[in-house]
Each structure stands twice: as C-alpha cells, then as structure tokens.
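Written out below as structure tokens is the structure these notes cover.
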Amino acid sequence: MLDLLIHNASLPDGRTNMSVAVQNGRIVEVTVGLIAPAHETVDAQGQLLSPPFIDAHFHMDATLSYGMPRANASGTLLEGIAVWGELKPLLTQEALVERAMAYCDWAVAKGLLAIRTHVDVCDPRLLAVDALLEVKRRVAPYIEMQLVAFPQNGVLRGTTGPQEHMDTLKRALDRGVDVVGGIPHFERTMADGALSVKLLCELAAERGLRVDMHCDESDDPHSRHVETLAFETQRLGLQGRVTGSHLSSMHSMDNYYVSKLIPLMAEADLQVVSNPLINITLQGRHDSYPKRRGMTRVPELLAAGINVAFGQDCTMDPWYSLGSGDMLEVAHMGLHVAQMTSQAAIGQCFEAVTRNAARVLGLSDYGLAAGCNADFVLLQAADPMEALRLRATRLRVYRRGKLLAQTPAATSQLHLAGRPESTACRAESIPRF
Ligand SMILES: [Zn+2]
C-alpha cells in the first residue's frame, strides 16, 4: 500500500489528471489517472501540484527586526546598513533564533521549503552564525537551510582590518557555514573589490565550497565585479558552483559591454539570483526622473542559457518593511519589473522560484518525478499563470510525504441578488462565449 496518493493534479509542465504516488518519503510514480490503495489519498480536483518554493537569497539574521532600534526613514540601502549596524550590538542569540524560527513558520505556510540565507560574519563573536546554525538544526525536519558567510562591511574594508575579517569569515566556515559570500562593490576601491573576489573564490576552491556574492548591487554602470567573478570562477575551475546575487549594475551598464559580459558569464556557468522586491525599492534612489528599475537583465540572461532565480532577500528588516516569505509575490514582482509577460516568460518566472532556485542551492532529488523527494505544494490555481496572478493559496504543503501545513481555500461569499453565492476569482469561472 502507498503512503500517499495525490490524484487528479495539474503539473507546472501542463500535464493534467496526474497522479503522484509516494512511498517512504519519495515519489515512486507520476502517471496519468492512477488510483491505488494508499494510507492517505488526496483529490487535487485539477489544481496545480508544484515542487516546493525555494528561496535562493535571504537574510535570516536580520529578518522580522523591522523598527529595531528604529525604522529606515529614507528607505535606502546605505541607511539600512547603518540601522543594521546600530542593531548588531543589541542582538541576543535568543532573539535572533526566535525571530528566524517565526519566519520559518511563515515559510512553511507558504510552501517555501529550502532557503539559502546569508549571515553577517563581521562580528568577531559570530553571534548570528551560532544563532542561525542552531535554527538550521531545529528546522532541519521541515526546511533545508544553507548558510552563506556574508562580510556585510566588506572583507577588506571592515574596521578591524582585512586579516582579522578574513579570519572571522574562516571561523564561520569552520563552524559549519556552507557557502563563501562577499560584497565587492562595498569595498573601498574597484581594485579592492576585485581582490576580495579573488581571495574569497580562492578560499572556496581550497575548501571545496560554493560561492554566492552580493555583486554589483548598485546603479554604477562602470562596476565590473561580475566580470571578475566570472573570470575567477573559470580560473579556479568553479564552474556551476558560483552565484552572483543582485547584479543590479547590469541594469545601467553600457549595452555593448553587456553584449561581451553575458557570454563570459555563460562560459563560466555563473548562476544568477535577482531580488525583484528589493531591487525595485532600493535601486535608482539617486535618480530624479527617469528612475531606473535597477533589476538585472533577467530575460537576456535566461536567453543566454544562464540559470536565473528570484530571491526574497528581505522580510520586515532594516532594508524592507514588507514581505511574508511568499515566493509567488517575489516572482510576481519579477514578472512585472522585467516585463516577462508572454506565456513562456510567465512560466520562467514560476521556475525562478522553484526549479532554477533549487539548482542554485544544488539540491538533489528535487522535482515531480519518480525517485525525487516527496516534497510538494498543492495550490488553489489551475496552472503557474493563475498561481502567480492570485499569489494562490497553498492548500497543502508536504515534505517527504508528510503534511506540514494546510490553508483553507480563499473564497469570498457574495451577497448579490441574481449573482453566484461565492467567487475565488478563478479563470474557470469566466463565461466563455
Ligand atoms: Zn542580500
């Protein structure tokens, strides 16, 4: 007997009336119309069953700290960094753990089951590192967390000196942080930025780790750290293991230069994470009008065969007062900012918070196929387009075949003479003639 059978489901690739059979935490069969004995049987009623949402870029050490010790009045990146600097000495491990745990509850409710989070490694006490390692251990039964050693103040720029900063970052890796981070555009000079990319990529190569750098998160059209990141990736044989996050400056770069840069990135198999909610709010702040959008060139990168994911980046922290762990909201914003409105492009936006993000994290056995982990989300939508349009309710969230969360369908009761009793704003209710 099967442990779980979901039948009559639609899948993101367009297949309908599909059954997904689960045994021992894994998918054993995905086929049309299978009905078989199971301990738990769910009729999906034609709704969309998707692999879980994955967030390839987050800051869990700062999350849910909005307003502490004060709100970011200007809303800029630099004031956010300043507010975070004021909060850091006041942080306790317990508060960090409890806020992160609360965020992880939200994540599960939204079907978000793997998160790559950066963690600030400028504090020699490594308080945030220890807190997030504890959170990683606690949420392991339901969320896969990856930690990135992120030197927020610049590994060469920080006030205690480059040697001590690098040593602190290495101690974070020794404690179990998974990925090497960086912030080259925040170093003092372009040359220091390039040097930081070189040193950090060498460290990752030495230790056999992946790299994920905040790279060129600015509106400076002359920033060149993506180029250096691609070059170091290739020089050190790290192809496919290096991610450039944000890459906002690419929005403002000269088009001729980008026509050279994108093939270099493709050659290095660089992965890209764009953070639409944050880029659209933090970039272009020095512009009057026209105001730049500041999001990297997502459709052009995808067209070059580069893997692009969308990340949440921030939720209720010094940089962003909104957010809820809803990756459909992230993809919805990405779709608008990048004008990815064709049917194919809308599908790509959905993939940017599912399959593509899983690839950034290097997750194995992810997807809806026999042999994959039985991790999935049943959405109150017929297909990815409707899921994005409605930021659809996550009806049921499963990990390894176990039900983790349920949300009642969103339906409004109507009290209108001669009209239906309820509506869920679904496409299926539209008269077709
Ligand atoms: Zn970030």
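Throughout, read-outs are computed from the coordinates displayed, never taken from laboratory work. In this text, all values refer to a predicted model and were calculated from it rather than measured experimentally. Because the Cβ atoms are built from the backbone with ideal geometry, glycine has one as well, and the counts that use them run over all protein chains shown.
Structure notes:
- Dimensions (Å) - the range 37-126, Cα atoms, principal axes, largest first: 58, 29, 19
- Computed E for Ala417/Ala36 - FRET, C-beta separation, R0 60 angstrom, nearest 0.05: 0.80
- In this Cβ point-charge picture (+1 for Lys and Arg, -1 for Asp and Glu), the chain has a dipole of about 460 debye about its Cα centre.
- Looking at the range 379-433, the GluC sites (Glu not before Pro) that sit in a DSSP loop and have at most 11 other Cβ atoms within 10 Å of their own Cβ are Glu421.
- Candidate lysines - alpha carbon under 30 Å from Lys260, same-chain residues fewer than 8 apart omitted: Lys198, Lys291
- For Glu29, the residues whose modelled amide H falls within less than 5 Å of its own, excluding neighbours fewer than 5 places apart on the same chain, are Ala21.
- Viscosity 1.567 mPa s, temperature 4 °C, Stokes-Einstein D of the range 242-288 from Kirkwood C-alpha radius, µm²/s: 109 µm²/s
- The spacing between the range 1-73 and the range 119-176, judged by their C-alpha centroids, is 31 Å.
- Taking every DSSP bridge with both residues inside the chain, close to 45 percent are antiparallel.
- Spin-label proximity, Ser364 to the range 34-68 - amide N less than 16 Å from point 7 Å beyond Cα toward beta carbon: none
- Angstrom value of the Kirkwood radius, inverse mean 1/r, which spans all Cα pairs in the range 188-274: 12.8 Å
- In this structure, Arg432 and Gln339 have a Cβ-Cβ separation that, at R0 = 30 Å, corresponds to a calculated FRET efficiency of about 0.60.
- Cross-link partners of Lys136 among lysines (Cα-Cα below 27 Å; sequence separation of 8 or more within a chain): Lys88, Lys110, Lys170, Lys402
- As a size descriptor, the averaged projected area of the C-alpha convex hull of the range 131-272 was calculated at 8.8 nm².
- Spin-label zone in the range 235-274 - amide nitrogen under 11 Å from a point set 7 Å from the Cα of Glu300 along the C-beta vector: 250-263
- Rh (Kirkwood; distinct C-alpha pairs) - the range 319-375, Å: 12.8 Å
- Ranked from largest, the principal axis spans of the Cα set of the range 343-433 equal 54, 31, 20 Å.
- For peptides 57-63, 338-344, sequence by mean Cβ density within 10 Å, most packed first: 57-63, 338-344
- Pairs of C-alpha atoms in the range 151-227 farther apart than 21 Å represent 21 percent of all such pairs.
- Rounded to the nearest angstrom and listed largest first, the equivalent-ellipsoid semi-axes of the range 78-198 from its Cα gyration tensor are 26, 15, 14.
- Gained length - His222 relative to Thr76, 0.36 nm times residue gap less alpha-carbon distance: 50.5 nm
- Applying D = kT/(6 pi eta Rh) to the range 194-342, where Rh is the Kirkwood radius over alpha-carbon pairs, T corresponds to 20 °C and eta to 1.002 mPa s, the Stokes-Einstein value obtained is 136 µm²/s.
- Solution diffusion estimate, µm²/s, Stokes-Einstein, the range 380-432, Kirkwood Rh from C-alpha pairs, 4 °C, viscosity 1.567 mPa s: 100 µm²/s
- Kirkwood estimate for the chain, i.e. one over the average of 1/r between Cα atoms, Å: 22.4 Å
- Principal axis analysis of the Cα atoms in the range 282-433 yields extents of 52, 48, 38 Å, listed in decreasing size.
- Rounded to whole Å, sorted largest first: equivalent-ellipsoid semi-axes of the range 269-334, Cα gyration tensor: 21, 17, 9
- Placing unit charges on each Cβ (+1 for Lys and Arg, -1 for Asp and Glu) gives the chain a dipole about its Cα centre, and among Leu361, Cys104, Met253 the Cα reaching farthest toward its positive end belongs to Cys104.
- Dipole magnitude of the range 1-150 about its Cα centre (Cβ charges: Lys, Arg +1; Asp, Glu -1), debye to nearest 20: 100 debye
- The range 148-247: trypsin sites (Lys or Arg not before Pro) in DSSP loop, at most 14 other beta carbons within 10 Å: Arg188
- The phi torsions of the range 74-81, fed into the Karplus equation with coefficients 6.51, -1.76 and 1.60 and a -60° offset, translate into couplings of 7, x, 8, 4, 5, 5, x, 5 Hz, rounded to whole numbers, with Gly and Pro shown as x.
- 0 to 90° range, to nearest 10: angle between helix 225-235 axis and the chain longest Cα axis: 90 degrees
- Between 0 and 90°, nearest 10: helix 190-207 axis offset from the chain longest Cα axis: 60 degrees
- Sites Leu87 and Gln163 - FRET efficiency at Förster radius 22 Å, r taken between beta-carbons, to 0.05: 0.25
- Dipole size of the range 154-225 about its Cα centre, with +1 on Lys/Arg Cβ and -1 on Asp/Glu Cβ: approximately 220 debye, rounded to the nearest 20.
- Rounded to the nearest Hz, the phi-derived 3J(HN,Hα) couplings of the range 382-390 under the Karplus curve 6.51 cos²θ - 1.76 cosθ + 1.60 (θ = phi - 60°) are 8, 7, x, 5, 5, 4, 6, 4, 9, where x marks glycine and proline.
- Helix 127-139 and the longest principal axis of the Cα set of the chain meet at an angle near 20°.
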